[in-house]
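To keep things clear, I will list the structure first and then write my remarks on it.
The values are calculated or read from the model by the stated rules, or taken from the named source; none is laboratory data. It should be emphasised that the depicted structure is a prediction, and the values quoted were computed from it without experimental measurement. Here the Cβ positions follow ideal geometry from the backbone for every residue, glycine too, while neighbour counts run over all protein chains shown. Please note that ligands, DNA and RNA were not included when accessible areas were found on the heavy atoms of the full protein model with its side chains. Shrake-Rupley method; radii C 1.70, N 1.55, O 1.52, S 1.80 Å.
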Amino acid sequence: MNKLILLLLPLSLFAKLNIAVSYPYIGALVEEIAQDKLKITVLAKGNWDPHFVVPKPSLIVKLRRSDALIMNGGQLEIGWLPPLIRRAANSKVHVNTSSFLNLSHQVQMIQIPVSVDRSLGDVHPDGNPHFHLDPNNILVLAKSITRFLIQLDAENKTFYEKNLNEFTQRWNNNLLRWKTKMQAKKGMKILQFHDNLAYFNKAYGLESIATIEPLPGIPPSSKHVFKLISLIESEKPQCILHDVYHSTKTAKYLKNKTNIKIILMPHDINALDGIESLENLFDYLVKEVSNV
Ligand SMILES: [Zn+2]
């Protein structure tokens, strides 16, 4: 190819595909598989409430420049991503296109409600969307992301498959390590603010006896808080596993009344300082719970 032809070719032929993802954990998985072959644009920050990301204009620009979009789904992004997609006016990031992946379709959702009164503001109408916090699901998600990337960029198929194999081996070792550490905690009763850890709890047999919010997304009333105090006194849970983005005011009130411990549990990469990878995230969660 001579220089003149090279100059005439559109720039896009040389640019890396730009994959937009809604949350940092998805970005980390894409990076495991694609490494430097693709550009990754993460829309939400890891320390934000994943249900309520502020739909800033800068996010519209990011979506406009993307070649594909991977989202968590299960209504986790319902409050912020659909309007951004509409305003980005980029057909590549539209639902039901081959360059769009909804991860919630790849896993078994739990806590699917029989009926939902949306007027109450329940933010889990399709079931609990925090499935990535079961570390076993991470492998399922990695496989579907690999299939998706191969479909977008068939040229690097072998490279993506090799990275998936390496990641799977590494992750399987982690799963064994975490399972061993968590064995002693089977049946441990806990409280949460929001039910972020439903899948983590299920994976390791922790029993979440109540949430400080009466329904997902609904702030606690004083009546509900009084019910929690008597529940803590009768059921004697070990701790409150609290997310990093809701105020711990009510949890501290419960601690004052019942002496229950509060443990901050990050839900994504960078939710707390030092949580820089998926391994860090689960190492941290497992360590905090094992130390209770
Ligand atoms: Zn939620």
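For the reader, a short list of remarks on this structure follows.
- Leading residue by the ranking (surrounded by the most Cβ atoms within 10 Å (Cβ to Cβ)) among those in segment 47-97 that are under 19 Å from the mean Cα position of the chain (by Cα), at negative phi and among the small types (Gly, Ala, Ser): ALA68
- ASN256 out of contact with any Pro (no Cβ under 6 Å at 6 or more places or on another chain), at pLDDT 95 or above and closer than 27 Å to PHE167 by Cβ: no
- Residue match in segment 222-232 (condition: part of a loop (DSSP other than H, G, I, E, B) and within 15 Å of LYS189 (Cα to Cα)): no
- Those helices (runs of 4 or more DSSP H) lying entirely in segment 20-131 with at least 1 residues in contact (Cβ under 8 Å) with a residue 60 or more places away in the chain and within 16 Å of the ligand (Cβ to nearest atom): 24-34
- Residue in segment 167-177 that is over 30 Å from ASP36 (Cα atoms) and hydrophobic (A, V, I, L, M, F, W, C) present: no
- Number of positions in segment 162-217 that are within 16 Å of the ligand (Cβ to nearest atom) and in a helix (DSSP H, G or I): 5
- Considering the conditions (1) among the aromatic types (Phe, Trp, Tyr); (2) within 21 Å of PRO266 (Cα to Cα); (3) open to solvent by less than 60 Å² (accessible area, probe 1.4 Å), PHE100 is excluded by exactly one of them, (2).
- The set of residues from segment 237-278 being in contact with a Lys or Arg (Cβ under 8 Å, 6 or more places away or on another chain) and either open to solvent by less than 60 Å² (accessible area, probe 1.4 Å) or closer than 20 Å to GLY217 by Cβ (or both) comprises PRO237, CYS239, ILE240, ILE262.
- The set of residues from segment 244-292 being more than 25 Å from VAL21 (Cβ to Cβ) and among the β-branched types (Val, Ile, Thr) comprises THR248, THR250, THR258, ILE260, ILE262, ILE263, VAL289, VAL292.
- So ASN137, is it away from the ligand (no atom under 16 Å from the Cβ), part of a helix (DSSP H, G or I) and touching a residue at least 24 places away in the same chain (Cβ under 8 Å): no
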